[in-house]
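Taking it in order: structure first as structure tokens, then the write-up.
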Amino acid sequence: MNIGFMIKWPKGSLNSKHGNVIGDELLGESLCAAINKALPLCHAELYAPNYLPKNKLDVLVYLNDITPIDLLAKTHVLYLQNGGYGESAMALLNRLRKNSYDGYVFFSRKLLDLHENTGGKGLFLPFGVDTNLFRPCNPEQKYNHEVAYVGNDIKGETATTKYLYPAVNFDFGLYGNWEIPKPRFRFWKRWKNLPHYKKVFEKLSKGKIPMSDIPILYSSAKINLNCTLQDCIDWDVITLRTYEVLACKGFLISDTVPIAKETMRDCMVFTEGAEELQEQISYYLAHDKERKAIAQNGYDFVQQYASIEARANEITNYLGSICS
């Protein structure tokens, strides 16, 4: 079976020196590598607008809300695995299902239940982490921050101020694109009205970190932070970043996603942010053994329950069932 995964962004972000790493590309490449390694009768490859299949595939899995392209594959599957749509779940499902995909895969059990309760069928496929890429690494001094975060300014003022800004009171390794776009005219008026965190984070940010160094950062920093998109909280999704940090045996403090708190209570620390987050950072910086024990629990959980190999088997079995 020839399987394609399709992203709507140009392929190549993983090795770009300037642009942001696209999580969809990372997930797609990891799934393809796991499928090709485990299933010799299948071939999987990641495609994009700048890298299209030369021959018609058996099945194409769209990792974004792309209208199916009949010329590219016989069977078309939507794998809804990102948030930030800014609309209700039901409105989103109704809009996407107008494309009449042949199959549906969701990273949220809530979304799958909603889909099935309104007559659809599909697969629940939570994120899985590539443990060959995200693994414990020897700590490096340049990444030995008290607190670290890799990301960009997409979570909004309230969440960022609550779950990330408290780290500025510590040795905070902030990586990613936090540069404020500068319009040509009247910038001073716009600057005056910007949220305070934007001004601070632009000065604090260390810029883009090489993809190969992210596991080193997660392994080296004493505390890593996670701040979740509101859609993922509403849809009860354990984010890929969560698994990536834990796979590196990194210690994680995260805002609360119900399913994560229910199933991974001993694997990370959950926070209400703001003053509580400051207190938690101070506490765990002072309690090495407790911090490392929790990180070990998280590492063990990922190894047992959240590997990309397990996810690759699940989605391949599903694709086989709808293509036969």
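The values are calculated or read from the model by the stated rules, or taken from the named source; none is laboratory data. Everything numeric here is computed off the predicted structure, so don't read it as measured data. FYI the Cβ positions are ideal-geometry reconstructions off the backbone, even for glycines, and counts take in every protein chain you see.
Does the stretch 212-235 contain any residue that is within 30 Å of ASN2 (Cα to Cα) and surrounded by fewer than 19 Cβ atoms within 10 Å (Cβ to Cβ)?
Checking the stretch 212-235: at least one residue is within 30 Å of ASN2 (Cα to Cα) and surrounded by fewer than 19 Cβ atoms within 10 Å (Cβ to Cβ).
Only one of ILE294, ILE253, ILE238 is in the same structural domain as PRO215 (by TED's automatic domain parsing), of a type in the set (A, V, I, L, M, F, W, C) and in a loop (DSSP other than H, G, I, E, B); which?
Of ILE294, ILE253, ILE238, the one residue that is in the same structural domain as PRO215 (by TED's automatic domain parsing), of a type in the set (A, V, I, L, M, F, W, C) and in a loop (DSSP other than H, G, I, E, B) is ILE238.
Going by what's in this entry, would HIS76 be described as at negative phi and touching a Pro at 6+ places or on another chain (Cβ under 6 Å)?
Taking the combined requirement at face value, the residue satisfies it.
Give just the number: which of (1) in contact with a strand residue (DSSP E or B) (Cβ under 7 Å, 6 or more places away or on another chain); (2) on the phi > 0 side of the Ramachandran plot does THR256 not satisfy?
Checking THR256 against (1) in contact with a strand residue (DSSP E or B) (Cβ under 7 Å, 6 or more places away or on another chain); (2) on the phi > 0 side of the Ramachandran plot, the one that fails is (2).
Within the stretch 132-166, which residues are part of a loop (DSSP other than H, G, I, E, B), modelled with pLDDT of 95 or more and not basic (Lys, Arg)?
PHE134, PRO136, CYS137, ASN138, PRO139, GLU140, ASN144, HIS145, GLU146, LEU164
Yes/no per residue for (1) among the basic types (Lys, Arg); (2) outside the structural domain of THR228 (by TED's automatic domain parsing); (3) under 30 Å from HIS43 (Cα atoms):
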| site | (1), (2), (3) |
| --- | --- |
| VAL59 | no, yes, yes |
| ASP65 | no, yes, yes |
| PRO68 | no, yes, yes |
| GLY83 | no, yes, yes |
| ASN94 | no, yes, no |
| GLY103 | no, yes, yes |
| ARG109 | yes, yes, yes |
| GLU116 | no, yes, yes |
| GLY120 | no, yes, yes |
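Tell me the residue from TYR299, TYR243 that is closer than 30 Å to ASP58 by Cβ, in contact (Cβ under 8 Å) with a residue 24 or more places away in the chain, under 19 Å from the mean Cα position of the chain (by Cα) and not assigned by TED's automatic domain parsing to the domain that holds ARG109, please.
TYR243
Is it the case, given these coordinates, that TYR101 is out of contact with any helix residue (DSSP H, G or I) (no Cβ under 7 Å at 6 or more places or on another chain), part of a loop (DSSP other than H, G, I, E, B), in contact (Cβ under 8 Å) with a residue 12 or more places away in the chain and of a type in the set (Ser, Thr, Tyr)?
yes
Report those strands (runs of 3 or more DSSP E) wholly inside the stretch 1-76 carrying at least 1 residues which are over 24 Å from the mean Cα position of the chain (by Cα) and charged (D, E, K, R).
57-62
What about ASN94, is it under 18 Å from the mean Cα position of the chain (by Cα), within 24 Å of GLY122 (Cβ to Cβ) and at pLDDT below 95?
no
Residue under question is ILE281, and the condition is that it be within 24 Å of the chain's Cα centre (by Cα) and surrounded by 14 or more Cβ atoms within 10 Å (Cβ to Cβ); does it hold?
yes
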